[in-house]
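Engineer: Pasting a structure below so you can have a look.
Values quoted throughout were computed directly from the atomic coordinates according to the rules given, and no laboratory measurement underlies them. Source: prediction; values computed, not measured. For neighbour counting, all protein chains shown are included, and Cβ atoms are generated from backbone atoms with ideal geometry for every residue, glycine included.
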Amino acid sequence: MNLIQKKTINVEGCPINILVAGDFSSTPLLFLHGKAFQAKTWQELGTLQTTIDAGFSTLALDLPGFGKTPQADINPEVVISEVMQAEKIKKAIIIAPSMSGKIGLEYSIKYPQKVAGLVLIGSIGIEENRARLHDLPGNTLILWGENDQISDPANGKLLEEKIEGSKLVVFKGANHPCYLEQPELWHQTLLNFAKTVVH
């Protein structure tokens with residue numbers, strides 16, 4: 001069993017807190033987080049251990065100003081790229097809920113060569129990137145809570161329309177953080193997707 005380790009990676013003078021497991025010889029899962037959450041959320045929910053037990057390498061990071069990473073004026077895209085470079089990760093499946101959905105989708109458009117797959121959960125930033133949504137990878141999983149009051153579920157349908165090859169899964173009766181409310185469905189859906197990306 002791979003143990004989850006805490007590390008810090010210096011990015012432009014800011015110590016970025018990360019949780020890692022695995023050797024990254026195969027494509028890892030890279031977890032971002034929502035506005036009220038942090039890397040540790042994925043550990044507490046059991047998501048990191050679930051993916052590790054399924055044979056995946058895993059990395060979760062605290063963006064500047066969240067969790068154990070201090071506030072710093074650094075572009076989140078730079079944080080992701082520098083962390084990946086430090087850990088010698090060429091490509092990753094990026095998991096990006098809510099606030100970080102905007103970061104994840106903009107990163108995927110800008111650096112498609114670094115993204116093996118993308119998981120967007122109740123993402124924000126859809127409308128402002130509408131003209132470029134078709135540039136997102138076909139390996140995109142879109143998850144939404146049926147009763148999301150933060151980001152309209154119609155955004156999920158729009159993403160599915162614009163991204164050829166993508167898949168939309170709606171969590172019945174769930175609110176914005178659908179993965180927190182229905183962790184078993186979340187874990188099963190994530191693993192099924194990741195297995196199709198990492199052969």
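Engineer: Can you tell me the Rg and Dmax of segment 5-197, counting just the alpha carbons, in angstroms?
Structural biologist: According to the Cα coordinates of segment 5-197, Rg and Dmax are 15.2, 43 Å.
Engineer: Normalised by the number of residues in the chain, what is the relative contact order in percent for Cα pairs under 8 Å and 6+ residues apart?
Structural biologist: 16
Engineer: Among rounded, prolate and oblate, which fits segment 95-199 when a ≥ b ≥ c are the square roots of the eigenvalues of its C-alpha gyration tensor, a/c under 1.5 means rounded, and a/b larger than b/c means prolate?
Structural biologist: Oblate is the answer for segment 95-199, as a/c is 1.5 or above yet b/c matches or exceeds a/b.
Engineer: Compute the helix-to-body angle for 183-197: its Cα long axis versus the longest principal axis of the chain, expressed 0 to 90° and rounded to tens.
Structural biologist: It is inclined by approximately 80 degrees.
Engineer: With charges set only on the Cβ (+1 for Lys and Arg, -1 for Asp and Glu), what does the dipole of the chain come to about its Cα centre, in debye to the nearest 20?
Structural biologist: Approximately 380 debye in magnitude.
Engineer: Explain nothing, just compute: Karplus ³J(HN,Hα) = 6.51 cos²θ - 1.76 cosθ + 1.60, θ = phi - 60°, for every residue of segment 83-93 in order, whole Hz, x for Gly and Pro.
Structural biologist: After applying 6.51 cos²θ - 1.76 cosθ + 1.60, I find 5, 4, 5, 5, 8, 6, 9, 7, 9, 9, 8 Hz.
Engineer: Measure out, as a whole number of angstrom, how far apart the alpha-carbon centroids of segment 114-142 and segment 1-41 sit.
Structural biologist: If you average the Cα positions of each part, the centres end up 21 Å apart.
Engineer: Once you have the alpha carbon radius of gyration of segment 1-92, what is it after dividing by 2.2 N^0.38 Å, with N set to its residue count?
Structural biologist: Dividing the Cα Rg of segment 1-92 by 2.2 N^0.38 Å gives 1.00.
Engineer: Tell me what the chain gives for mean residue ellipticity at 222 nm when only DSSP H runs of n ≥ 4 count, each as -39,500 (n - 2.57), the sum divided by the residue total, rounded to 500 deg cm²/dmol.
Structural biologist: It comes out at -9500 deg cm²/dmol, rounded to the nearest 500.
Engineer: Next question. When DSSP assigns beta bridges and you keep just the ones with both residues in segment 5-197, what percent turn out antiparallel, to the nearest 5?
Structural biologist: Close to 35 percent.
Engineer: Pairs to check: LYS114/LYS157; LYS35/LYS102; LYS6/LYS167; LYS68/LYS110; LYS91/LYS195. Give those whose C-alpha atoms are more than 21 Å from each other in this structure.
Structural biologist: Exceeds cut-off: LYS114/LYS157; LYS6/LYS167; LYS68/LYS110.
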